[in-house]
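Each reported figure results from applying straightforward, stated rules to the coordinates on display, with no laboratory input. From a predicted model like this one, the values you see are computed outputs, not experimental measurements. Using ideal geometry, Cβ is built from the backbone for each residue, glycine included, and neighbour counts are taken over all protein chains shown.
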Amino acid sequence: MKPPAKRGAREARTPMNRDMTIVEQAEEHTILAAMRPWPGLQEDRLKAAGYTDFGDGEAVLQAMFESKLADPREVDALACIKWLAERGFRSAQEAILNYAQPLLEAGGHNLPAPLLDYVVNFMRGRVALHPPDVRNDVVRNMLRDIGIAAMVKVAAIRWGLPKLNSSGCRHSAAWFVAAVMTDYGHPLTERQVRRIVQTYSQGFGKRLSDFLRAGAERTI
């Protein structure tokens, strides 16, 4: 749910090297007005896909995880679902155990090494049974951050904004996203948004974000 916005909170602004003209101020207000609905629209889409309702939504996610594990074209499925399962995400745990069971019953000869490692750790009680704080769930936070990165990309293209760093005369797309997320009740700075975008644009973070985003798109 959307956390309550603080009364009287003001959006943090990146200092400019000069005063903005009336035209620039009008453009900034126009961009902010257009972007303010974006966080709510994203949350509605994720909720419709079962990503934010961790009751019935668990079944939606588990079904999606199981279908990905069964699809040989999903080369990152096992690594990503194992990563989520090891951090206590129950839908991922159920999906990975259901995937492992018939392989074990058949003798375990075709059990991939990462899957065997997970099963052994699970049997030994070395896998968390649930996230340490359900209000700070890893998947919910990652999907929020993926949405933030997507908003930055769209805003930069749509209005020709600097993507991550404000210039002396113009705020960046990251600044605008920070402003609308703060207004929505998730206080962020331009620097925090910039770090989120950089995290999900490389390495395993990108693979995991692509994996989760594709799942959300398919279940909508």
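If you look at the Cα atoms of region 59-115, you get an Rg and a Dmax of 10.7, 30 Å.
Report the gain in length on full extension from residue 154 to residue 73: 0.36 nm times residue separation, minus Cα-Cα distance, nm rounded to one decimal. The partial results should precede the final answer.
On the way: separation 81, 0.36 × 81 = 29.16 nm, distance 2.86 nm.
Value of the extension gain: 26.3 nm.
Among 146, 96, 22, 157, sorting on how many other beta-carbon atoms sit within 10 Å of each Cβ, with the fewest leading, yields 22, 157, 146, 96.
Taking θ as phi - 60° and the Karplus parameters 6.51, -1.76 and 1.60, the scalar couplings of region 105-115 work out to 5, 8, x, x, 5, 9, 6, x, 4, x, 5 Hz in sequence order, x denoting glycine and proline.
Extending 7 Å from the Cα toward the beta-carbon at both residue 201 and residue 113 defines two label points whose distance is 3.4 nm. In order along region 66-75, phi translates into HN-Hα couplings of 5, 5, 5, 5, 7, 9, x, 6, 8, 5 Hz, rounded to whole numbers, per the Karplus curve 6.51 cos²θ - 1.76 cosθ + 1.60 with θ = phi - 60° and x for Gly and Pro.
Between residue 41 and residue 59, residue separation times 0.36 nm minus the direct Cα-Cα distance comes to 4.2 nm. Near residue 115, once Lys and Arg are set to +1 and Asp and Glu to -1 for all other residues with Cβ below 13 Å from its Cβ, the sum equals -1.
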